[in-house]
Structures are given as structure tokens and as C-alpha cells.
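Read the structure below first, then the notes.
What follows draws every value from the coordinates through simple rules; no lab data is involved. Since the model is a prediction, treat every value here as computed from it, not as a measurement. Counting neighbours? That spans all protein chains shown, and the Cβs are built from the backbone with ideal geometry, glycine included.
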Amino acid sequence: MTGTGISADVLRQRLAETLAPTQLEVLDESAAHVGHVGQDGTGAGTHFRVRIASPLFAGMPRVACHRLVYDSLRDFIDRDRGVHALAIETL
């Protein structure tokens, strides 16, 4: 676990459960943001990149697909010292 208790594996598991992706990559980019706002000093658990394809995205505009991803991870984003930044690439 990281300082926040949030890892790429935890986010990956949640997205797999909620969005049934056909492609999924979750990268923890926190180490590149040490010293920036929202970083907790551990170099992990605050800044993530998600690349995802899901059949649930079919026919949806990109912003709606992003909303599904945000909604799936909402409890990790809303918690104190949770996910500070989330870059989403829908495929």
C-alpha cells in the first residue's frame, strides 16, 4: 500500500468490477509530481493515468465515458488525501 492506501492495483480492480473493460491500464504517475499540490510526499497514490476501453462506452460522447470512470472511482477521489489528479484516456 501507499501513503494514501490507494494503488494502481486497487483502482484497476474497481474499474474491472464496475466497467467490465476490454482494455485497461492504470499507471501511478505520483512520483513525477512530488512537491506539487496534492502530493503527500510518498511519491505514490495521488496522481494516476487510466487508459480504458469498455463496451459500456459504446455510442457515448467522450465526456460521458469519462464521467463513468470518475463515478467508478468517486470514493477514492473524495476521501481525505485521496486521488488528486486523474488523467483518463478512453479507447
Cβ-defined net charge surrounding ARG51, 10 Å radius [Lys, Arg +1; Asp, Glu -1]: -1
Net +/- balance of residues flanking GLN23 in space, Cβ distance below 13 Å, scoring K and R +1, D and E -1: 0
Sorted by Cβ density within 10 Å, fewest first, the residues ILE6, ILE77, ILE88: ILE77, ILE88, ILE6
Least to most buried among LEU91, LEU15 (fewest other Cβ within 10 Å first): LEU91, LEU15
Neighbour-count ranking [beta-carbon atoms within 10 angstrom, fewest first] of HIS47, HIS66: HIS66, HIS47
